[in-house]
1. Would you mind finding the one in Gln29, Gln36 that is surrounded by fewer than 16 Cβ atoms within 10 Å (Cβ to Cβ), in contact (Cβ under 8 Å) with a residue 24 or more places away in the chain and out of contact with any Asp or Glu (no Cβ under 7 Å at 6 or more places or on another chain)?
2. Among the residues in the stretch 93-106, are any in contact (Cβ under 8 Å) with a residue 40 or more places away in the chain, among the acidic types (Asp, Glu) and assigned to a helix (DSSP H, G or I)?
3. Which condition number in (1) surrounded by fewer than 15 Cβ atoms within 10 Å (Cβ to Cβ); (2) touching a Ser or Thr at 6+ places or on another chain (Cβ under 8 Å); (3) modelled with pLDDT of 85 or more is the one that Ala60 fails?
4. Any residue in the stretch 3-25 that's in contact (Cβ under 8 Å) with a residue 12 or more places away in the chain: show its pairings with residues that are among the aromatic types (Phe, Trp, Tyr) at Cβ separation under 6 Å, as long as the two are six or more apart or on different chains.
5. Restricting to the stretch 7-66, give me the number of residues that are acidic (Asp, Glu), farther than 18 Å from Asp82 by Cα and touching a Lys or Arg at 6+ places or on another chain (Cβ under 8 Å).
6. Quick check on Glu53: is it assigned to a helix (DSSP H, G or I), surrounded by 15 or more Cβ atoms within 10 Å (Cβ to Cβ), of a type in the set (Asp, Glu) and out of contact with any Cys (no Cβ under 8 Å at 6 or more places or on another chain)?
7. Any residue at all in the stretch 50-70 that is of a type in the set (Ser, Thr, Tyr), touching a helix residue (DSSP H, G or I) at 6+ places or on another chain (Cβ under 7 Å) and touching a residue at least 24 places away in the same chain (Cβ under 8 Å)?
8. Considering (1) modelled with pLDDT of 95 or more; (2) assigned to a helix (DSSP H, G or I), say which one Met35 fails and leave the rest.
Amino acid sequence: MKILFKELSAKPFEVKGSVKNLKKTYAIQLKLANMQDITQQENPVDSLKSMMEALDELSAYIVNILHLSKPQQEKLEDLSQDDLMRITQYLNMRLMGMSDADIEKAQAEADEDGEGLA
């Protein structure tokens, strides 16, 4: 499938909807779920370590799935945390079989509920 992230490239990326990429997607989702649990702990040092680790893993996931070049990796590192999360979430949903229309519908429903997808 072709996926475009204008922040990283003018050309769309070719992403395989393979089992290998799906496993990576589930692994990053598990990491994000665990991160939410850790950030609710009372120890701020552990919470910060977890956040730094998660940002590194999110970046690595995107680099790996999109096969980013060094210049594209630098662009990724210059993005905000919100943009990083948005890209990750979009990749997750597309690799799990959702179409752009499905994603827009899910985002609209999440916005109505005040939850957001990322």
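The values are calculated or read from the model by the stated rules, or taken from the named source; none is laboratory data. None of the values given here were measured: they were computed from a predicted structure. Note: ideal-geometry Cβ built from the backbone for every residue, glycine included; neighbour counts use all protein chains shown.
1. Working: Gln36 fails: in contact (Cβ under 8 Å) with a residue 24 or more places away in the chain.
Just a single option satisfies the conditions, and that option is Gln29.
2. Of the residues in the stretch 93-106, the ones in contact (Cβ under 8 Å) with a residue 40 or more places away in the chain are 94-97.
When the remaining residues are screened for being among the acidic types (Asp, Glu), the result is none.
No.
3. (2)
4. If the second residue must be among the aromatic types (Phe, Trp, Tyr), the pairs left are Ile3/Phe13.
5. First, the residues of the stretch 7-66 that are acidic (Asp, Glu): 7, 14, 37, 42, 46, 53, 56-57.
Keeping just the survivors that are farther than 18 Å from Asp82 by Cα gives 14, 37, 42, 46.
Then keep just the ones that are touching a Lys or Arg at 6+ places or on another chain (Cβ under 8 Å); that gives 14.
The total comes to 1.
6. Working: assigned to a helix (DSSP H, G or I): yes; surrounded by 15 or more Cβ atoms within 10 Å (Cβ to Cβ): no; of a type in the set (Asp, Glu): yes; out of contact with any Cys (no Cβ under 8 Å at 6 or more places or on another chain): yes.
No, not satisfied.
7. Just the residues of the stretch 50-70 that are of a type in the set (Ser, Thr, Tyr), to begin with: 50, 59, 61, 69.
From what is left, the residues that are touching a helix residue (DSSP H, G or I) at 6+ places or on another chain (Cβ under 7 Å) are 50, 59, 61.
With touching a residue at least 24 places away in the same chain (Cβ under 8 Å) added as a condition, the list becomes 59, 61.
Yes: one or more hits.
8. (1)
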